[in-house]
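Heads up, the thing below is written out as structure tokens.
The values are calculated or read from the model by the stated rules, or taken from the named source; none is laboratory data. Everything numeric here is computed off the predicted structure, so don't read it as measured data. Glycine gets a Cβ as well: all are built from the backbone with ideal geometry, and neighbour counts include every protein chain shown.
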Amino acid sequence: MELPPELANRPPRPPGHEPTATLTLEAYLRLKGELEELKTSGRAHIAERLKAAREHGDIRENAEYDAAKNEQALMEARIRNLERMLRDPEIIEAPPASDVVAPGMLVTIRPLDEDDPEDETYLLAEHAEERAPGVRTITTTSPLGRALLGKRLDDEVEYEAPGGVFHYLIVGFEPRR
């Protein structure tokens, strides 16, 4: 995919300035679309809900009005978060085929602590906003993500989480396409 003009024509990042997010172009475009949707039809929808709730009378004891205000606050927080992420992101490409697990890969693991284990596939990503169809995303900073980085096929990994220590076998990985 080709970079959109706002990314292709931007000046280089000054030394010492960190990117606001590390995203694939696909995630950047999806988040940019979500931001535009929230700022236009999302805000219009909330305004209509608030107007309809106000018409029901006293807003101090109006659950519908309170719910709409809460939804508005959550949406505005999401808008601010998206604007911050998209201000100056680092756009990365999917990794090439490799013999070790790296960010941007679909990783299939098998639990070793279960009697009847089922394989689980995850997208290992730099940012929680990355997506791949049909799989959950884990970040490279999560306990499981850190344990998977740099591992090879048939390696056993162990990581500690609030629920205890978990053991997995890496049964496959490939770059996300």
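Observations, loosely collected:
- Number of positions in segment 1-16 that are surrounded by 10 or more Cβ atoms within 10 Å (Cβ to Cβ) and part of a loop (DSSP other than H, G, I, E, B): 5
- Flag: Arg43 matches the condition of being in contact (Cβ under 8 Å) with a residue 24 or more places away in the chain, farther than 30 Å from Gly172 by Cα, more than 22 Å from the chain's Cα centre (by Cα) and assigned to a helix (DSSP H, G or I).
- Taken as a whole, the structure places Glu26 among residues that are part of a helix (DSSP H, G or I) and within 17 Å of the chain's Cα centre (by Cα).
- Only listed residue being in a helix (DSSP H, G or I), modelled with pLDDT of 95 or more and surrounded by fewer than 12 Cβ atoms within 10 Å (Cβ to Cβ), chosen from Arg60, Arg80: Arg80
- Contacts under 6 angstrom Cβ, first residue in segment 91-108 being under 14 Å from Val157 (Cβ atoms), partner surrounded by fewer than 19 Cβ atoms within 10 Å (Cβ to Cβ) and of a type in the set (Ser, Thr, Tyr), 6 or more apart: Thr108/Thr121
- Any hit, segment 66-77, residues being modelled with pLDDT of 85 or more, under 19 Å from Glu130 (Cα atoms), in a helix (DSSP H, G or I) and not hydrophobic (A, V, I, L, M, F, W, C): no
- Any hit, segment 127-139, residues being in contact with a Phe, Trp or Tyr (Cβ under 6 Å, 6 or more places away or on another chain), closer than 21 Å to Thr20 by Cα, modelled with pLDDT of 90 or more and not in a loop (DSSP other than H, G, I, E, B): yes
- Qualifying positions in segment 83-104 - in a loop (DSSP other than H, G, I, E, B), among the aliphatic types (A, V, I, L, M), at pLDDT 90 or above and in contact with a Lys or Arg (Cβ under 9 Å, 6 or more places away or on another chain): Val100, Val101
- Looking at Ala73, Ala125, Ala94, Ala132, just one residue is surrounded by fewer than 17 Cβ atoms within 10 Å (Cβ to Cβ) and within 30 Å of Ser41 (Cβ to Cβ), and that residue is Ala73.
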